[in-house]
Number of protein chains: 2
Amino acid sequence: MSPTDNSETTGRRRGRRPAGQDTRTALVDAARAVFAETGYDGATVRAIATRAGVDAAMVNHWFGSKEGLFAQAVLELPFDPLELQKALRQGPDEELGERIVRTFITRWDSAGGGQFVALMRSITGHEQAGHVLRDFFQKFFSALITSVGADRIPLRMNLCASQMVGLGMVRYVAKFEPLTSEDVEVLVRAIAPNLQRYLTGDIG
Amino acid sequence: MSPTDNSETTGRRRGRRPAGQDTRTALVDAARAVFAETGYDGATVRAIATRAGVDAAMVNHWFGSKEGLFAQAVLELPFDPLELQKALRQGPDEELGERIVRTFITRWDSAGGGQFVALMRSITGHEQAGHVLRDFFQKFFSALITSVGADRIPLRMNLCASQMVGLGMVRYVAKFEPLTSEDVEVLVRAIAPNLQRYLTGDIG
C-alpha cells in the first residue's frame, strides 16, 4: 500500500487502513475518544489502534508511546514527554529545577502560548480532563523526582505542578506583566530555586 | 421607600430605585457590564451606580469599595479584598508568606472550591478577564509587598500570583492528590517559604 494510497477499495479485514498523515489523524481522533471514555490509565494502545483501524505499531511509529500519543493528541503539547524526560535527566540533580523551568518556558514560548491556553481551557471546562492530566503529570514528574531520590514523591510532584501550571497561567493565559515579557533567564533565576526546593529540599 | 418596596411606581429621576437585596443585585449586574466594557481601571463607582440606578453610596454600603464590588460581583471571590489586605498585614513581615498561603487555602476551602473553578474558567475563556484580573491582583499584591519594603515589586507580585494561581489550579481544578486532600498546615509548611522568597528574598 503506497503512502498516498487512500482509496476505499484497499480496505482489508479491519476496514480501510489509512496511510501516512491519515494514519496519524485517525490515531489522534481515536485517542481522544478512548482517553475520554476510559481515562489515562484505562486506555490501551491496542484499543486506540483498533478504533483507528490501524496496527498498534503505528502508535510507536507516530508518537513513540502511549504517553506521546496522549501528550500530542489530547493535550496537544508541543513536545514528546519521554524525549523531554530523558533530556531533563542530563545534568546535576541540584540543577533539575533550573532545567525544568528553562525547558518549560522555551518550549511553550516556541509553541506560541496559545496551546497552553487551550490546555487550561480543557482542564477548567471538563472534570474528566483534570483527572486524565493528573495521571499524566503524576507519571511524568514522578519519574523525574524518583530519579533524584527524594522522599514524599507524590506531594513533591503536586507542588512542582502547582508552580509550573501557575507559571503558565500567568505568562500565557492571564498575561501578567512584567512576567509575560520577561527574559527566560531572569525567570529561571527567580523560579528555579523554588522548584528545586520542591524537588529535593526540606518541605516541612 | 420601605426595604421591601419594589414596585415600578416608585421610580424617580434615574428610574426605579431598587431596595435592599435588589440594590445589591442591580449593582452586581451593572458592575459586570461596566468592568467588561471599560476594564478594571476605567470603571468608576459613579458609572456603575448610575447604570444600576442607585446612589453611589450604595457601593460602599454593600461592597465597601470598588475593589470589593469587583471581587464579589465579577470574580465572585469569597472575601472582601480590602478587609483581607488589612488582616494579612497583621503580623511579622517574615511570616507574610505563611499568612497568605494559610488564608488563601482556608478561604477557598470554605467557599467550596467550585468558585475557584468558575474564576479560572472565566480567565481561560475570555482575554478581557485576564486583563481585568491582572489589574486587580497587581493592586492587591503590590499593596502587600510595598508594605514589606521589597524591591522589584511588579515581578515579585507576578511570581506570587504564579504560585497562588497554580496552587488553586492543582487543589480545586485539576484536583491532584495528595495536595487536594492535604491538611492546610502541611501545605503552609511546604509552600510558604517559597512564597516568602518571592515576597522578600533574593530572586536573582
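The values are calculated or read from the model by the stated rules, or taken from the named source; none is laboratory data. All values derive from a computational prediction rather than experimental measurement. Glycine also receives a Cβ, built like all others from the backbone with ideal geometry; neighbour counts cover every protein chain displayed. All accessible areas refer to the heavy atoms of the entire protein, side chains included, with ligands and DNA or RNA removed. Shrake-Rupley method; radii C 1.70, N 1.55, O 1.52, S 1.80 Å.
Only one of the numbered conditions (1) at pLDDT below 80; (2) of a type in the set (Ser, Thr, Tyr); (3) surrounded by fewer than 21 Cβ atoms within 10 Å (Cβ to Cβ) is violated by residue A:181, and that is (1). Only one entry of A:171, A:197, A:189 meets the criterion of being open to solvent by 10 Å² or more (accessible area, probe 1.4 Å) and more than 7 Å from chain B (Cβ to nearest Cβ), and that entry is A:171. Restricting attention to the stretch A:150-163, the residues that are more than 7 Å from chain B (Cβ to nearest Cβ) and not in a loop (DSSP other than H, G, I, E, B) total 4. The single condition among (1) in a helix (DSSP H, G or I); (2) surrounded by 17 or more Cβ atoms within 10 Å (Cβ to Cβ) that residue B:146 does not meet is (2). For residue A:140, are the conditions met, namely being touching an Asp or Glu at 6+ places or on another chain (Cβ under 8 Å) and either within 9 Å of another protein chain (Cβ to nearest Cβ) or at negative phi (or both)? In short, yes. If you go through the stretch B:160-204 and keep only what is in contact with a Leu (Cβ under 7 Å, 6 or more places away or on another chain) and more than 20 Å from residue A:200 (Cβ to Cβ), you end up with B:160, B:162, B:171, B:174, B:199. In the stretch A:176-186, what count of residues is obtained for those that are touching a helix residue (DSSP H, G or I) at 6+ places or on another chain (Cβ under 7 Å) and more than 9 Å from chain B (Cβ to nearest Cβ)? Number satisfying all stated conditions: 1.
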